[in-house]
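One structure below.
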Amino acid sequence: MKTTRKAKSARWPRKSSGALLAAGPGILRGERNGRRVELGQYVVADPLICHGKLTYRGTRIMVWQILEALAYGESVDELEKAWGGRVSKAAILETIRLAGDALLDARGRLNRRLNGKLAA
């Protein structure tokens, strides 16, 4: 007589492969994807929120959306109003400062770390 193995149950909790770590009550952090990085008081990068793209603390609003709107001529006040106050004026100003710091050195010259990696 041939014996067959029972299929494993797909019930939770599943055994972790080490990919997720508990970082506190109800909070999981991705071990393979890195950890949350706080670039300022408002701007963060968390691998579990919007695939690690820069967002504003407590939201899923991505920094590139604000930068793009600024590039198209919207004012800080217009953006704050457009996002219903979910992105504060201080957060938008921090975004501009961080973008400037990434692009320019302390003397206002093109940052040498970029080494010709700017897209036109």
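The values are calculated or read from the model by the stated rules, or taken from the named source; none is laboratory data. As the structure is a prediction and not an experimental result, all values here were calculated from the model. Positions of Cβ are backbone-derived with ideal geometry, glycine not excepted, and every protein chain shown enters the neighbour counts.
Meeting the requirement of 1 or more residues that are at pLDDT 90 or above, the strands (runs of 3 or more DSSP E) wholly within segment 26-90 are 43-45, 54-56. Only one entry of 82, 91, 71, 102 meets the criterion of being farther than 22 Å from residue 57 by Cβ and either surrounded by fewer than 16 Cβ atoms within 10 Å (Cβ to Cβ) or under 22 Å from the mean Cα position of the chain (by Cα) (or both), and that entry is 71. Residues considered: 82, 90. Of these, the only one that is closer than 13 Å to residue 42 by Cβ and small (Gly, Ala, Ser) is 90.
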